Amino acid sequence: MTLDIGRVGIWTGALDPHPAGAVRDAALELEALGFATLWIPEAVGRDPFVLSANLLGATSTLRLATGIANIYARDPMTMNAGQRSLVEAYPDRFLLGLGVSHLHLVEHVRKHRYDKPLSYMRTYLAAMAKSRYFAAGPEEQPPIVLAALGPKMLELAATATAGAHPYFVPVEHTAYAREVMGPDALLAPEQMVVLDADPTSARATARAGMKIYTDLPNYKNNLLRHGFVEDDFTDGGSDRLVDAIVAWGPMDRIVERVRAHHDAGADHVCVQVLRPDRELPLAAWRTLADALL
């Protein structure tokens, strides 16, 4: 079973502060603008399956993808049932992205053990594939993508699932991921953007958006593998790091960054708009639609 998610989508964590009606209106606008896929995260906000069901029901063609659903939040049977329930209700419109999340969210927030996440993911996927599900629904396993950064998780993504959804990565990682996974696996990296041409204010917005990620070992270790050094992570991130992770400036620079991911091997790029506040980036989405679609 395959799923066409388009060449460019929208990734956003900006929905949670807003009431359900405003979130549905935002999804309808993304659909009207022509974006094929909306990616949503899971951390300490709305349940991604409930949110996906609400937004799939409110729209007609928009696809929902989880970027990502935490495998420590549900046992494999529950995850399988949630995926198949949505795929049956909304055929070809839901993509399940799975990930191991991060130690602090798994151990400190959810009170689970974060031992050997790669092995846990491998075992989890095998258990999902064998899970009992006796309701109406797809007979074959719907597609799954993994939040994959390092070589072993990328290899697992290519061999055990449809592909990978790398997050918080430079273009160099996209080329690396394509090399590791081979030509056939789906590769859908996330790209942060700031629609601001002023270097000072744009980088300030970028650093604020990056702040929660730069100290997380999974992301930091991945960037260290790709040529960054410890000094790049001080004081909110060096200009070099900020500019590699966040595309900012006039629209032609943002278009060029998305094109660079595609040229490096991405099948789909999900664009995340950063703002200095918690408002929905509706105007920015409209501008991106005009330039990217």
- Query: Quick check: anything in the range 68-77 under 16 Å from the mean Cα position of the chain (by Cα), under 22 Å from Pro189 (Cα atoms), modelled with pLDDT of 95 or more and in a strand (DSSP E or B)?
  - Reply: yes
- If a residue has to be on the phi > 0 side of the Ramachandran plot and either surrounded by 21 or more Cβ atoms within 10 Å (Cβ to Cβ) or part of a strand (DSSP E or B) (or both) to count, how many in the range 131-188 make the cut? 2
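Residue-by-condition table, conditions (1) out of contact with any helix residue (DSSP H, G or I) (no Cβ under 7 Å at 6 or more places or on another chain); (2) surrounded by fewer than 19 Cβ atoms within 10 Å (Cβ to Cβ); (3) not hydrophobic (A, V, I, L, M, F, W, C):
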position	(1), (2), (3)
Trp11	yes, no, no
Asp16	yes, yes, yes
Arg24	no, yes, yes
Leu30	no, no, no
Asp47	yes, yes, yes
Gly57	yes, yes, yes
Thr61	no, yes, yes
Leu64	no, no, no
- Single match in Asp231, Asp235, Asp243, Asp239 (criterion: within 15 Å of Gln272 (Cα to Cα) and charged (D, E, K, R)): Asp243
- Item | Subset of the range 212-225 (residues that are touching a residue at least 40 places away in the same chain (Cβ under 8 Å) and surrounded by 15 or more Cβ atoms within 10 Å (Cβ to Cβ)) | Tyr213, Leu216, Asn218, Tyr219, Asn222, Leu223
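Is it true that Leu38 is of a type outside the set (S, T, N, Q), buried (at least 22 other Cβ atoms within 10 Å of the Cβ) and more than 21 Å from Asp290 (Cα to Cα)? It would help to see each step written out before you state the result.
Details: of a type outside the set (S, T, N, Q): yes; buried (at least 22 other Cβ atoms within 10 Å of the Cβ): yes; more than 21 Å from Asp290 (Cα to Cα): no.
Criteria not met by Leu38.
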- Message: I'd like to verify a number: residues in the range 86-102 that are more than 19 Å from Asp4 (Cα to Cα) and either loosely packed, with under 14 Cβ neighbours inside 10 Å or at pLDDT 85 or above (or both), how many?
- Response: 2
- Task: Would you check which residues across the range 269-293 are of a type outside the set (Gly, Ala, Ser) and closer than 16 Å to Ala247 by Cβ and list them?
- Result: Val269, Cys270, Val271, Gln272, Val273, Leu274, Arg275, Pro281, Trp285, Thr287, Leu288, Leu292
- Over the range 233-242, the set of residues under 14 Å from Lys211 (Cα atoms) and either of a type in the set (Lys, Arg) or surrounded by 19 or more Cβ atoms within 10 Å (Cβ to Cβ) (or both) is Gly237, Leu241, Val242
- Please find, within the range 189-211, the residue that is surrounded by the most Cβ atoms within 10 Å (Cβ to Cβ) out of those that are of a type in the set (Gly, Ala, Ser) and in a helix (DSSP H, G or I). Ala206
- What single numbered condition from (1) assigned to a helix (DSSP H, G or I); (2) free of Cβ contacts under 8 Å to residues at least 12 places away in the same chain; (3) of a type outside the set (A, V, I, L, M, F, W, C); (4) out of contact with any helix residue (DSSP H, G or I) (no Cβ under 7 Å at 6 or more places or on another chain) fails to hold for Asp232? (4)
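The values are calculated or read from the model by the stated rules, or taken from the named source; none is laboratory data. Small disclaimer: the values here were computed from a predicted structure and weren't measured. Backbone-built Cβ (ideal geometry, glycine too); neighbour counts: all protein chains shown.
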